Amino acid sequence: MTASNKEWLNFIEDIEVQVDSAFREIDRIVDENQIKVLRSFQKYQISDFHFQGSTGYGYDDLGRDKLEEVYADIFGGEAALVRPHFASGTHTIAAALFGNLRPGDQLLYITGSPYDTLSQVIGTEQDGTGSLRDLGIDYDEVELKEEQLDWDEIEKKILPETKVIGIQKSRGYAWRPSFRNDEIAEMVSRLKAIRPDLIIFVDNCYGEFAELTEPCDVGADLVAGSLIKNPGGGLAPSGGYIVGKKEFVERAAYRWTAPGIGAEIGAMFDTTRTLFQGLFLAPHFVGQAMKGTVLAAAAFEKLGFESRPRWNEVRSDIIQAIRFSEANHLIDFVQSIQQASPIDSHVLPEPGEMPGYEHEVIMAAGTFIQGGSLELSADAPIREPYTAYMQGGLTYSHIRYAILQSLHRMKAHGLL
Ligand SMILES: *Cc1c(COP(=O)(O)O)cnc(C)c1O
């Protein structure tokens, strides 16, 4: 090992001592969520014959029904739709929204602009794509004010036609805190006091198992997320989940397949065991990933970079934002994450166009599941201020190694 490697290793070991209290808090959350998942498997008497899978229409797939019961239980909803056919988080969220909004209704996001890929789901009037606006569904949003909800504006913008309120829990690609579920609880009670019939929708992507509760536990009506992220446990080959009140989940299912058919069909092929096993492992992997982000935050803070959340802040998603001063630093950091990956470590990512994103994006995803972001990955839209968003990592040791490598590489390039 070279001298400078040894130097960085000492640096990281010192940081690990510094962040020990944060690690122990994460362990506590993992322990409780692991028991929550385990108890649910036991309660629904999951057996190996449930892993059979199905073909064709997939009628009467017992394992699939059990999987959805377990998801509803763990995520605090009345019902769940958990399918490998959801091609991404955006697809899943779109099914939840289109299923529950009708022409003339309004969708109001109260946590600022939603995640980049949703902008084309919302669309513009007569864009010809079948976006929400193209179908005559109105959309409005309330910007955050000093990173908090702007309740004066929210009250003004809730109209008689407002039907769904959108809340994005995670920071996504925004320099803001993720919302904790106790904050979502407060949003729900204030919104229900204004209009009890509002459907409160939460985009839970990246938030699963980061806390002891989930959004439905605190009153959300409809929640969606991606199995290519946290609840897939790094194993799910694809998919998404929707949980919440039965009637809203059912409407999403009608949109997903067809009215009248809904969740009754949908062959699972051979994915059922993997989806169960991924769910069982998810709390642990989320914990590994969160420890890695704490380490990254503390390391880069010590080197003078800005990080969000800071290492000792309470976390409610698995994303770590790190802000650099130039595009070069950003690209170097993302590339070093790729170089430290088990898959495609020899491929150097470059900024490029991605479907659904408005700016060029650079992504490191040397993952077993393509783009799987409970696995160690980093993304950065190439726009000022230059912020990299890293997330995931199935083993803490891997994340630790990747951080070491990135420090080493940035130093070698004269960036530290
Ligand atoms: C990832 C993500 C999405 C979209 O999921 P894709 O799988 O990228 O389509 C939506 N919202 C948030 C907050 C996300 O993190």
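Considering only 327, 79, 289, the Gaussian network model of the chain with Cα springs below 10 Å gives its largest mean-square fluctuation to 327. Length available on full extension from residue 35 to residue 383: 0.36 nm per residue minus the Cα-Cα distance, which gives 121.1 nm.
Remark: accessible surface ordering of 62, 415, 97 (largest first) is 62, 415, 97, probe radius 1.4 Å. Taking the protein heavy atoms of the chain in the context of the full set of protein chains, the accessible area attributed to carbon and sulfur is 50 percent at 1.4 Å. Per-residue ellipticity at 222 nm, computed for the chain from helices alone with -39500 (n - 2.57) per DSSP H run of at least four residues, works out to -12500 deg cm²/dmol. Only Cα pairs under 8 Å and 6+ residues apart enter the sum, and on that basis the relative contact order of the stretch 308-414 stands at 29 percent. Taking Cα atoms, how many degrees apart are the long axis of helix 62-74 and the longest axis of the chain, rounded to 10 and kept between 0 and 90? The angle comes out near 70 degrees. In straight-distance terms, cross-link reach from residue 411 covers every one of the aspartates and glutamates whose alpha-carbon lies under 13 Å from its own, apart from those fewer than eight places away in the same chain; here that gives 7, 332. Which percent, to the nearest 5, of DSSP beta bridges fully inside the chain are antiparallel? Once the DSSP bridges in the chain are tallied, antiparallel ones form about 65 percent. Ordered from highest to lowest accessible area with the whole protein assembly present and a 1.4 Å probe, 156, 36, 169 read as 156, 36, 169.
In the frame of its principal axes, the stretch 318-366 has Cα extents of 28, 26, 24 Å, reported largest first. Taken over the C-alpha atoms, the stretch 277-416 has Rg and Dmax values of 14.0, 44 angstrom. Solvent-accessible area per residue in the chain equals 41 Å², computed with a 1.4 angstrom probe and all protein chains kept.
Each semi-axis of the equivalent ellipsoid for the chain is √(5λ) with λ an eigenvalue of the Cα gyration tensor; in descending order they amount to 34, 25, 20 Å. A 1.4 Å probe, protein heavy atoms only, puts the accessible area of residue 205 near 10 Å². The three principal axes of the Cα atoms in the stretch 116-241 give end-to-end lengths of 41, 37, 29 Å, sorted in falling order. Counting only Cβ charges, +1 for Lys and Arg and -1 for Asp and Glu, the dipole size of the chain around its Cα centre is about 680 debye.
Modelled this way, with points 7 Å down the Cα-to-C-beta line, the labels at residue 127 and residue 323 are 2.9 nm from one another. Accessible area of residue 346 (1.4 Å probe, protein heavy atoms only, ligands and nucleic acids ignored): about 150 Å².
Given 36/246; 157/291; 6/36; 36/169; 36/245, which pairs have Cα atoms separated by over 32 Å? Flagged as over cut-off: 157/291; 6/36. The Cα atoms of the stretch 1-145 cover 62, 48, 31 Å along the three principal axes, with the biggest extent listed first.
The values are calculated or read from the model by the stated rules, or taken from the named source; none is laboratory data. Computed from a predicted model, the values in this text were never measured in an experiment. No Cβ is skipped: glycine too gets one built from the backbone with ideal geometry, and neighbour counts run over all protein chains shown. Note: areas computed on protein heavy atoms with side chains; ligands, DNA, RNA excluded. Shrake-Rupley method; radii C 1.70, N 1.55, O 1.52, S 1.80 Å.
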